[in-house]
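Asker: Here it is: the structure, laid out below.
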Amino acid sequence: MTLSNILVFIALGVFFRLLRHGRWRKQLVFAASILAVYWLQPAMPVRYLDFWLPTLTLFLAVFGWAITSVPQERLNKTNIFTFVFIFLLILLIGFTRYLEVENVIIVSRPPETEQIIFALIAFTFVTTVLVYCGRTGRFITFTAIAIILMIFIILKYSPLTVVAGSAVRRFMQQDPALASVNDLRWLGFSYIAFRLFHTLRDRQLGKLPSVDLQEYMIYMVFFPTLTAGPIDRLERFIRDLRQSLPLSIDDFVFSGKRLAIGLFKKFVLADTLAIIAINPLNVGQVKTAGWMWVLLYAYAFQIYLDFSGYTDIALGIGKLLGFDLPENFNKPYLKSNLAHFWNNWHITLTQWFRTYYFNPLVRFLRRSERHFSPTIVVLFSQFSTMLLIGLWHGISWNFVLWGGWHGLGLFIHNRWAEWSKPRLLFLEDSSFLKKVYTALGILITFHFVALGWVWFALPQVSQSLTVYSVLFGVR
């Protein structure tokens, strides 16, 4: 989000919350979130994709609701009205191609009206089929998960992204030879995918609350969290959505504080540090260990301030709208071990993987007939979880190594904690020694995390190895 986007969202938050009638607040948040999907989508080099990708986001969200909703409630008046509203709003955005003013909602001109109508008819047909399927079985659910996963892999694996971009360019009658990884920058898809996985899986487990189409769509594309999270849970989000409380002084103070902190973190501190932080251009110009450490520290704080700044902004806008969004950061660089770091860094992502991957995997391995040892269970579970978190950021060797770095670090910490726990009981008798031990843990943990950012920040393994060699004076 740009600064202008954020300022508009703040104004909308204040206006919506001041409305006395709660029903209108819900309707306006719904409409604003739908429009934001288009408005926030960046310009695309492929013709019309800045219209089609946001439209596909809405299509996927509607399909997700059709699969996870209670069959008996799908065809009530509220859901039909919401579906028609989405249909007409997409069509209305398409009609902006006939206006002389550019950049009304999307950056470029929308596609031909006939193409939009054809897509909406196909969208209506698929939705109708899913709605009339009644009780959607495991096949449809697993098929939906597989499709989302396939899209995710295409977007995150550069060679496949280029191939897909080439195919789309050819379809749009553009030169396929110009295809690049920038052709398919689908705004917010990573977070949309997590929400879809969450609702699909919880429906399978019978834990998903009953929501109507409008509520589901607001959850999926809620505009403060669309680009950078946090990853909320439907049952928690719906509680805030369904209550309409007046904007109190405490709410206003909290929101103002978080917005001021977030804006300062992102647009003052993080953007300033980005000038000297690790990147392919900067590391190629630095030849001494001292300056390379400066770049490393700058990147460690820049990525924290940038990401946590966006979270502060999302929480501030959310509070204006009456939503207590979950925290995503809790002083992660001040934690004394790697496990505590990951419990306080991108908290909602960590919780998501713990709920839907780590815990089920641990239960499976412990119940396996092969009787894996606790050490093997811990190693495989932690290592594979961190690999997946790395791959979520991008399917490349650098992200694999970053995930493996943290997976191995967590395993070493786990073994150290088991070994040292009975041997360090004497620390409890000395507050001074305990503080020293904690401070040492914070220092080691911070530097382990900071060194790991080298893999994360650079696109090539060779570049990362060069940075390590300069940091430790090998070359």
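The values are calculated or read from the model by the stated rules, or taken from the named source; none is laboratory data. Predicted model only: the values in this text are computed from it and were never measured. Please note: Cβ atoms are built from the backbone with ideal geometry, for glycine as well, and neighbour counts cover all protein chains shown.
Asker: Does the stretch 138-154 include one or more residues that are in a helix (DSSP H, G or I) and either basic (Lys, Arg) or touching a strand residue (DSSP E or B) at 6+ places or on another chain (Cβ under 7 Å) (or both)?
Answerer: If we filter the stretch 138-154 for residues that are in a helix (DSSP H, G or I), which is where we start, we get 138-154.
Those left that are additionally either basic (Lys, Arg) or touching a strand residue (DSSP E or B) at 6+ places or on another chain (Cβ under 7 Å) (or both): 138.
Yes: one or more hits.
Asker: Next question, about the same structure. Are any of the residues in the stretch 371-380 closer than 23 Å to residue 326 by Cβ and of a type in the set (Ser, Thr, Tyr)?
Answerer: First, pick out the residues of the stretch 371-380 that are closer than 23 Å to residue 326 by Cβ: none.
Scanning the stretch 371-380, I find no residue that is closer than 23 Å to residue 326 by Cβ and of a type in the set (Ser, Thr, Tyr), so the answer is no.
Asker: A further question on this structure: Could you say whether any residue in the stretch 266-274 is in a helix (DSSP H, G or I), of a type in the set (Val, Ile, Thr) and free of Cβ contacts under 8 Å to residues at least 40 places away in the same chain? Talk me through it step by step, then tell me what you get.
Answerer: Looking only at the stretch 266-274, we keep the residues that are in a helix (DSSP H, G or I), and these are 266-273.
The next check asks that each one be of a type in the set (Val, Ile, Thr); those that pass are 268, 272.
From the residues that got through so far, the ones that are free of Cβ contacts under 8 Å to residues at least 40 places away in the same chain too are 268, 272.
Yes: the stretch 266-274 contains one or more residues that are in a helix (DSSP H, G or I), of a type in the set (Val, Ile, Thr) and free of Cβ contacts under 8 Å to residues at least 40 places away in the same chain.
Asker: Whether any residue in the stretch 418-431 is among the aromatic types (Phe, Trp, Tyr) and closer than 29 Å to residue 202 by Cα is what I want to check. Give the steps one after another, and end with the answer.
Answerer: Going through the stretch 418-431, the residues among the aromatic types (Phe, Trp, Tyr) turn out to be 419, 426.
Within this subset, residues satisfying the condition of being closer than 29 Å to residue 202 by Cα are none.
Among the residues of the stretch 418-431, not one is among the aromatic types (Phe, Trp, Tyr) and closer than 29 Å to residue 202 by Cα, which makes the answer no.
Asker: State the number of residues belonging to the stretch 63-75 that are assigned to a helix (DSSP H, G or I) and buried (at least 22 other Cβ atoms within 10 Å of the Cβ).
Answerer: Restricting attention to the stretch 63-75, the residues satisfying the condition of being assigned to a helix (DSSP H, G or I) are 63-68, 71-73.
This time we only want the ones that are buried (at least 22 other Cβ atoms within 10 Å of the Cβ), so: 64-66, 68.
Counting residues in the stretch 63-75 that are assigned to a helix (DSSP H, G or I) and buried (at least 22 other Cβ atoms within 10 Å of the Cβ) gives 4.
Asker: Among the residues of the stretch 236-258, count how many are out of contact with any Pro (no Cβ under 8 Å at 6 or more places or on another chain) and not in a loop (DSSP other than H, G, I, E, B).
Answerer: Residues of the stretch 236-258 out of contact with any Pro (no Cβ under 8 Å at 6 or more places or on another chain): 237, 239-258.
Filter again for not in a loop (DSSP other than H, G, I, E, B), leaving 237, 239-242, 249-258.
Matching residues across the stretch 236-258 total 15.
Asker: Here's something else I'd like to know. If residue 41 satisfies every condition in (1) modelled with pLDDT of 90 or more; (2) in a helix (DSSP H, G or I); (3) buried (at least 22 other Cβ atoms within 10 Å of the Cβ) but one, which is the exception?
Answerer: (2)
Asker: So, one more: Of all residues in the stretch 96-116 being part of a helix (DSSP H, G or I) and surrounded by 13 or more Cβ atoms within 10 Å (Cβ to Cβ), which is modelled with the lowest pLDDT? Break it down into steps so the answer makes sense when it comes.
Answerer: Residues of the stretch 96-116 part of a helix (DSSP H, G or I): 96-98, 113-116.
The next check asks that each one be surrounded by 13 or more Cβ atoms within 10 Å (Cβ to Cβ); those that pass are 96-97, 113, 115-116.
Numbers: 96: 88, 97: 85, 113: 91, 115: 93, 116: 94.
Filtering first and then ranking leaves 97.
Asker: Give the residue that is surrounded by the fewest Cβ atoms within 10 Å (Cβ to Cβ), with candidates limited to residues of the stretch 153-180 that are in contact (Cβ under 8 Å) with a residue 40 or more places away in the chain and among the basic types (Lys, Arg).
Answerer: Going through the qualifying residues, I end up with 156.
Asker: Restricting the search to the stretch 275-313, which residues are assigned to a helix (DSSP H, G or I), among the polar types (S, T, N, Q) and in contact (Cβ under 8 Å) with a residue 24 or more places away in the chain?
Answerer: 302, 308, 311
Asker: While we're here: Go through the residues of the stretch 181-190 one by one and say whether even a single one is touching a residue at least 60 places away in the same chain (Cβ under 8 Å), among the small types (Gly, Ala, Ser), assigned to a loop (DSSP other than H, G, I, E, B) and surrounded by 15 or more Cβ atoms within 10 Å (Cβ to Cβ).
Answerer: If we filter the stretch 181-190 for residues that are touching a residue at least 60 places away in the same chain (Cβ under 8 Å), which is where we start, we get 182-190.
Within this subset, residues satisfying the condition of being among the small types (Gly, Ala, Ser) are 188, 190.
Then keep just the ones that are assigned to a loop (DSSP other than H, G, I, E, B); that gives 188.
Add one more test, that the residue is surrounded by 15 or more Cβ atoms within 10 Å (Cβ to Cβ), and what stays is 188.
Yes; the residues of the stretch 181-190 include at least one that is touching a residue at least 60 places away in the same chain (Cβ under 8 Å), among the small types (Gly, Ala, Ser), assigned to a loop (DSSP other than H, G, I, E, B) and surrounded by 15 or more Cβ atoms within 10 Å (Cβ to Cβ).
Asker: From the list 4, 69, pick out the single residue that is among the small types (Gly, Ala, Ser) and either modelled with pLDDT of 90 or more or more than 30 Å from residue 246 (Cα to Cα) (or both). I'd like the intermediate steps shown before the answer.
Answerer: On the way: 4 fails: either modelled with pLDDT of 90 or more or more than 30 Å from residue 246 (Cα to Cα) (or both).
The match here is 69.
Asker: Looking for something outside any helix (DSSP H, G or I), within 30 Å of residue 62 (Cα to Cα) and touching a Lys or Arg at 6+ places or on another chain (Cβ under 7 Å) - is there at least one such residue anywhere in the stretch 203-218?
Answerer: No; the residues of the stretch 203-218 include none that is outside any helix (DSSP H, G or I), within 30 Å of residue 62 (Cα to Cα) and touching a Lys or Arg at 6+ places or on another chain (Cβ under 7 Å).
Asker: Can you name the residue in the stretch 243-273 that is surrounded by 17 or more Cβ atoms within 10 Å (Cβ to Cβ) and aliphatic (A, V, I, L, M) and, of all such residues, is farthest from residue 14 (Cα to Cα)?
Answerer: Only one residue fits best here, namely 273.
Asker: Tally the residues that are under 30 Å from residue 32 (Cβ atoms) and assigned to a helix (DSSP H, G or I), restricting the search to the stretch 317-352.
Answerer: Total satisfying the criteria: 10.
Asker: State yes or no: is residue 30 within 24 Å of residue 324 (Cβ to Cβ) and assigned to a helix (DSSP H, G or I)?
Answerer: On the way: within 24 Å of residue 324 (Cβ to Cβ): yes; assigned to a helix (DSSP H, G or I): yes.
The answer is yes for residue 30.
Asker: Note down all Cβ pairs under 8 Å where the first residue falls in the stretch 236-258 and is of a type in the set (Val, Ile, Thr), the second is part of a helix (DSSP H, G or I), and they're at least six residues apart or on different chains.
Answerer: Qualifying pairs under 8 Å: 238/215; 238/219.
Rundown of residues vs (1) surrounded by 19 or more Cβ atoms within 10 Å (Cβ to Cβ); (2) under 29 Å from residue 201 (Cα atoms), yes/no style:
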{"position": "291", "(1), (2)": "no, no"}
{"position": "295", "(1), (2)": "yes, no"}
{"position": "302", "(1), (2)": "yes, no"}
{"position": "314", "(1), (2)": "yes, yes"}
{"position": "323", "(1), (2)": "yes, yes"}
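Asker: Are there any pairs with C-beta distances below 9 angstrom linking a residue in the stretch 201-225 that is surrounded by fewer than 17 Cβ atoms within 10 Å (Cβ to Cβ) to a residue that is part of a loop (DSSP other than H, G, I, E, B), with the two at least 6 apart or on different chains, and if so which?
Answerer: Close Cβ pairs satisfying both conditions: 210/69; 210/70.
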